[in-house]
1. What number of residues within the stretch 30-49 are surrounded by fewer than 10 Cβ atoms within 10 Å (Cβ to Cβ) and not hydrophobic (A, V, I, L, M, F, W, C)?
2. Restricting to the stretch 80-132, and then to whatever is part of a loop (DSSP other than H, G, I, E, B), in contact (Cβ under 8 Å) with a residue 24 or more places away in the chain and of a type outside the set (A, V, I, L, M, F, W, C), can you tell me which residue is farthest from L55 (Cα to Cα)?
3. Please count how many residues of the stretch 34-72 are farther than 25 Å from W83 by Cα and either in a loop (DSSP other than H, G, I, E, B) or touching a Ser or Thr at 6+ places or on another chain (Cβ under 8 Å) (or both).
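No lab work stands behind these numbers, since they all come straight from the coordinates. What you see is a predicted model, and the numbers here were worked out from it, not measured in a lab. Here the Cβ positions follow ideal geometry from the backbone for every residue, glycine too, while neighbour counts run over all protein chains shown.
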Amino acid sequence: MAERGVTSQQDSVRPIGRGRHRPRAGARAQALYAATPWWLRVVVIWVLSRVVTTLILLGFASQQKANAWTGPNPNYLNFAQLWDSTWYHIVAVSGYPSVLPMTADGHVAQNAWAFMPGYPFLVRGLMGLTGL
């Protein structure tokens with residue numbers, strides 16, 4: 001038996017009869033993890049994070065009351081458009097305003113200048129390639 005916190009090869013396998021040994025589930029999982037390419041691990045984590053955030057958004061959307069932008073309980077796309085996607089769409093389609101919009105009391109109003117150009121630039125390029 002190994003000391004506490006230290007594992008030996010005997011601890012990671014269990015006998016299956018006639019001198020043969022099968023690795024324990026933990027050892028198999030470690031071997032599978034070690035054999036998985038690093039990029040696949042990253043993709044799996046990214047996909048799982050998208051599933052979790054989508055479920056969270058859907059949960060909040062199911063509780064959303066009617067407002068100026070959507071009706072009650074909007075679908076995923078309508079709920080997601082309540083945030084930055086509309087501004088990115090404006091930048092991709094028509095660019096940034098040449099003059100900052102001002103409110104009646106002289107403050108700068110909400111506008112597309114708050115959003116960086118990288119993503120809208122990519123979207124505009126894809127729109128040109130696909131004709132969308």
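1. So the count comes out to 2.
2. Here is the first cut: in the stretch 80-132, the residues part of a loop (DSSP other than H, G, I, E, B) are 81-84, 95-101, 103-107, 109-111, 115-117, 131-132.
Those left that are additionally in contact (Cβ under 8 Å) with a residue 24 or more places away in the chain: 84, 115, 117.
Then drop every residue that is not of a type outside the set (A, V, I, L, M, F, W, C), which leaves 84, 117.
Working: D84: 19, P117: 28 Å.
In this case the residue turns out to be P117.
3. 2
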